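Read the structure below first, then the notes.
The values are calculated or read from the model by the stated rules, or taken from the named source; none is laboratory data. Note that the coordinates shown come from a computational prediction; the quantities given were computed from them, not determined experimentally. So basically every Cβ, Gly included, is an ideal-geometry build from the backbone, and we count neighbours across all protein chains shown. When the accessible area is computed, the model is the full protein with side chains, heavy atoms only, and any ligands, DNA or RNA have been set aside. Shrake-Rupley method; radii C 1.70, N 1.55, O 1.52, S 1.80 Å.
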Amino acid sequence: MSYSLTLISKCTLVVADMTEILFTNAKIFDGNRFSTASCLRVSAGKIIEIGNDLQPQQDELQFDLEGKWLLPGLVDCHVH
């Protein structure tokens, strides 16, 4: 099984369900509100931590989003 995370840079990242990922420097929107946090950690296809200044763990993929939007669990078919 794989999961999809939509990044508003006109790309979708699809990863295996066992991949651990840390997104940093993100603007996070959960579908209801904008988060004040800038980091989001995913493990085994689930969001396990949201916060600021999260540090990468061993063997974890890390993506610096450089201020781009992260829409975890959302698919926006009409992004400009």
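Structural remarks
- In the condition set (1) assigned to a strand (DSSP E or B); (2) closer than 11 Å to residue 70 by Cα, residue 31 is compliant with all but (1).
- Checking each residue in region 57-72 for being in a loop (DSSP other than H, G, I, E, B) and either in contact with a Gly (Cβ under 9 Å, 6 or more places away or on another chain) or within 14 Å of residue 38 (Cβ to Cβ) (or both) picks out 65, 66, 67, 68, 72.
- Total residues in region 56-80, condition more than 9 Å from residue 25 (Cα to Cα), in contact with a strand residue (DSSP E or B) (Cβ under 7 Å, 6 or more places away or on another chain), modelled with pLDDT of 85 or more and open to solvent by 40 Å² or more (accessible area, probe 1.4 Å): 4
- The requirement of being at pLDDT below 90 and polar (S, T, N, Q) is satisfied by residue 2.
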